[in-house]
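Everything on this sheet refers to the single structure shown next.
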Amino acid sequence: MATAAKNVIPVAVAQGDGIGKEIMGACLKIFSAINVPIEFQPVEMGKDLYMKGYSTGMTPEAQATVEKAGILFKGPMETPKGTGMKSINVTARKVWSTFANKRVFETFPGVDTVFARAGIPVGLTIFRENIEDTYGGIEHMQTNDVAQCRRLITRPGSSQVHRFAFETARKNKAKRITCVHKANIMKITDGAFLNSFYEMAKEYPELVADDMIVDDMCMKLVMTPDKFDCIVLPNLQGDIVSDLCAGLVGGLGLAPSANIGERISIFEAVHGTAPDIAGKNMANPTALLLSGLMMLRHLGFQNKADYVHSALRTTLEKGYRTRDLCRPGIKYLSTTDFADAVLDHIPPIARREVTELPPRAHALPEVVELKENIMQVTPGRNRANEFSGGFDIFVDSELLPGDLAQVLQKYATNGLKLTMISNRGTQVWPTGSVYTELVNHYRCRFELEEKGSKKESDLLQVVAEIGEAVRVCSLEMLLYLGDTPGFSKAQGQ
């Protein structure tokens with residue numbers, strides 16, 4: 001594990017797969033030219049490491065280097081298909097708790113888009129929750145026909161990304177911040193995310209805080225993107241909407257990405273590895289360069305980042321292009337020639353050496369040395385106000401709803417009632433429609449007539465008895481927080 005010299009900031013660098021080596025080389029050449037006081041420490045990460053047996057796609061030495069530096073600058077990495085392997089990119093973000101993905105989308109001069117031709121400038125900042133949601137990747141086959149993915153939304157996780165979004169909006173003098181969600185359908189999970197947003201908004205009265213359902217937001221973004229400023233979303237929706245926004249400004253080749261954590265942050269290109277052009281010196285380094293400029297700003301080198309950003313815009317404005325930004329038949333630059341064109345437009349003042357590190361850079365090495373995991377729990381939890389209300393049991397059965405209810409009713413005794421059976425989320429018993437098509441996976445709800453009247457161990461004994469009659473796939477305990485049920489109703493219930 002490398003150690004950085006005094007007054008030099010250590011940054012771990014993973015060049016990535018495919019075109020990663022070429023575009024990373026172009027970016028590091030630019031950063032070297034502006035004399036940024038960073039020691040780039042190479043680490044081994046990527047597809048080849050996974051194929052060698054490293055399940056996280058990195059060596060232990062690479063992990064130690066990143067955790068010591070606190071900053072990772074990485075190129076695109078490939079997830080081998082058909083192997084059951086988890087994404088190396090997602091694994092890195094989750095292992096190091098980078099709770100917020102920040103992506104900035106701007107109109108670049110000379111880049112042909114629908115909105116550029118219409119004279120409509122795009123300037124959007126997307127904040128995506130980066131750890132939770134369906135990206136936990138917690139999936140199970142419940143029956144031979146039914147697969148399940150668990151979606152986790154937490155109050156601490158939501159608060160982290162909202163705090164970062166509001167703080168960044170305030171710092172950048174934004175006027176509006178919009179929470180995007182699907183709380184009209186996912187009332188508890190997206191509802192928790194939305195509630196956390198409005199709680200946080202109370203601390204930032206100077207910002208206009210509003211919300212919008214995700215499908216409505218997608219429609220409005222492709223019609224009037226200039227009406228929006230900062231947008232914060234849960235993980236999956238944020239993944240989709242951020243790529244939509246990339247399309248508004250010319251594609252992923254122009255879209256930077258920063259994954260921000262309390263102790264470790266990752267700056268990366270989120271486009272693919274483009275193996276078809278790897279090694280041909282044809283790739284566009286812009287997205288990775290812009291991500292690197294986000295890294296410089298994060299470290300406190302605002303002025304140097306601004307000089308390079310201005311040079312990039314000038315380069316594009318003068319018509320210098322890589323192949324992906326050119327129409328057929330138009331001459332384009334190689335990766336290295338494009339980087340040189342950017343360098344040609346950087347003023348001499350940007351190349352001056354830094355004699356003193358900025359305050360942010362001084363603080364970084366002090367925040368990454370942890371001895372144990374940190375448990376995040378909302379303060380003021382009152383367990384005496386939490387009650388068991390029964391359980392939802394999920395069963396594998398090809399019985400019709402009424403017949404299944406007859407089997408289960410004998411377990412509804414001693415203050416425990418069978419109140420509902422649903423199939424794919426739609427109630428099919430005690431009322432329902434014969435036109436509701438079924439699969440062999442039912443949710444069967446047993447509720448206590450008096451919440452908290454039985455211990456969970458007693459309820460689990462009932463579940464064990466039910467398991468003697470039907471195959472149990474999974475179980476969810478019903479929780480009350482005071483008088484508020486912590487569980488959803490079925491459609492039609």
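The values are calculated or read from the model by the stated rules, or taken from the named source; none is laboratory data. Source: prediction; values computed, not measured. Quick reminder, even Gly has a Cβ in these numbers, built from the backbone with ideal geometry, and neighbours come from all protein chains shown. SASA here: full protein model, heavy atoms, side chains in, ligands and nucleic acids out. Shrake-Rupley method; radii C 1.70, N 1.55, O 1.52, S 1.80 Å.
Tell me the relative contact order for the chain as a rounded percent, counting alpha carbon contacts under 8 Å between residues six or more apart. Provide the component values of the computation, followed by the final result.
Values: 920 pairs, mean separation 82.1, N = 493.
Value for the chain: 17 percent.
Do the alpha carbons of any pairs in LYS173/LYS318; LYS47/LYS304; LYS52/LYS102; LYS171/LYS318; LYS21/LYS86 sit beyond 25 Å of each other, and which pairs?
Working: LYS173/LYS318 30 Å; LYS47/LYS304 33 Å; LYS52/LYS102 32 Å; LYS171/LYS318 31 Å; LYS21/LYS86 22 Å.
Listed pairs above 25 Å: LYS173/LYS318; LYS47/LYS304; LYS52/LYS102; LYS171/LYS318.
Please compute the volume of the convex hull spanned by the alpha-carbon atoms of region 1-158 and report it per residue in Å³. Can you show the working numbers first?
Working: hull volume 30.9 nm³, N = 158.
Cα-based convex hull of region 1-158, divided per residue, equals 195 Å³.
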Next item on the list: First check a/c for region 385-439, with a ≥ b ≥ c the square roots of the eigenvalues of its C-alpha gyration tensor; if it is under 1.5, answer rounded, and if not, answer prolate when a/b is larger than b/c or oblate otherwise.
Entry: prolate
Checklist line | Size of charge dipole - the chain - debye, nearest 20, with Cβ of Lys, Arg +1 and Asp, Glu -1, no other charges | finding: 1080 debye
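Relative to the compact globular guide of 2.2 N^0.38 Å, what is the alpha carbon radius of gyration of region 364-493, as a ratio?
Here the Cα radius of gyration is 1.33 times the empirical estimate.
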Note to self: Using the Cα centre of region 408-493 as the reference point, and only Cβ charges (+1 on K/R, -1 on D/E), how large is the resulting charge dipole? Debye, rounded to the nearest 20.
What the structure shows: 180 debye
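Decide, for region 119-238, between rounded, prolate and oblate: order the square roots of the alpha carbon gyration tensor eigenvalues as a ≥ b ≥ c, take rounded if a/c falls under 1.5, and otherwise choose prolate if a/b is larger than b/c, else oblate.
On the way: a/c = 2.40, a/b = 1.62, b/c = 1.48.
Verdict is prolate for region 119-238.
What value, in deg cm²/dmol to 500, does the helix sum -39500 (n - 2.57) over DSSP H runs of n ≥ 4 give at 222 nm once divided by the residues of the chain? Mind showing how you got there, number by number?
Numbers: 15 runs with 161 residues, N = 493.
The helix contribution divided over the chain gives -10000 deg cm²/dmol.
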Check: Can you list the HN-Hα couplings for region 101-116, worked out from phi with the Karplus curve (6.51, -1.76, 1.60; θ = phi - 60°), rounded to whole Hz and with x for Gly and Pro?
Finding: 9, 10, 9, 10, 10, 9, 6, 9, x, x, 8, 7, 9, 4, 6, 5
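Order these peptides, 156-164, 460-468, 276-284, 228-236, by their mean beta-carbon neighbour count within 10 angstrom, highest first. Don't jump to the answer; show the numbers that get you there.
On the way: 156-164: 21.7, 460-468: 13.6, 276-284: 17.9, 228-236: 23.8.
Order by mean packing, descending: 228-236, 156-164, 276-284, 460-468.
Which number do you get for Rg(Cα) / (2.2 N^0.38 Å) in the chain?
Details: Rg = 26.2 Å, N = 493, 2.2 N^0.38 = 23.2 Å.
Rg over 2.2 N^0.38 Å, computed on Cα atoms: 1.13.
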Notebook entry, point to check: With the Cα gyration tensor of region 238-372 giving a ≥ b ≥ c as the square roots of its eigenvalues, does the rule (a/c under 1.5 for rounded; else a/b larger than b/c for prolate; else oblate) give rounded, prolate or oblate?
Noted result: oblate
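Can you work out the accessible area per residue across the chain, with the rest of the protein chains kept in place, probe 1.4 Å, in square angstrom? Please report the intermediate quantities before stating the final value.
Numbers: 24080 Å² over 493 residues.
Computed with neighbouring chains in place, this is 49 Å² per residue.
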Notebook entry, point to check: What aspartates and glutamates could a cross-link reach from LYS280, if we take a straight Cα to Cα line under 12 Å and drop same-chain neighbours fewer than 8 places away?
Noted result: GLU22
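Using Cα-Cα distances under 8 Å and only pairs 6 or more residues apart, what relative contact order does region 226-331 have, in percent? It would help to have the intermediate numbers written out before the result.
Working: 78 pairs, mean separation 21.8, N = 106.
Over region 226-331, the number comes to 21 percent.
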Next item on the list: Based on the mean of other Cβ atoms within 10 Å per residue, sort peptides 429-437, 441-449 so the most packed one is first.
Entry: 441-449, 429-437
Margin query: Just to check, using Stokes-Einstein with a Kirkwood Rh over alpha carbon pairs, what's the diffusion coefficient of region 32-105 at 20 °C and 1.002 mPa s in µm²/s?
Written below: 156 µm²/s
Next item on the list: Would you list the membrane-span-like helices of the chain, meaning whole DSSP H runs whose alpha-carbon atoms span at least 27 Å along their axis and whose mean Kyte-Doolittle value is at least -0.5?
Entry: none
Notebook entry, point to check: Where nothing but the Cβ of Lys and Arg (+1) and of Asp and Glu (-1) is charged, how large is the charge dipole of region 52-172 around its Cα centre, in debye to the nearest 20?
Noted result: 260 debye
Item checked: Cleavage-rule hits (trypsin sites (Lys or Arg not before Pro)) in region 305-356: DSSP loop, at most 10 neighbouring Cβ within 10 angstrom -> LYS331
Next item on the list: Just the number, please: carbon plus sulfur as a percent of the accessible area of the chain, 1.4 Å probe, no ligands or DNA/RNA counted.
Entry: 51 percent
Next item on the list: Please name whichever of ASN281, TYR332, GLY380 sits farthest to the positive end of the charge dipole of region 260-380, dipole taken about the Cα centre and charges placed at Cβ: Lys and Arg +1, Asp and Glu -1.
Entry: TYR332
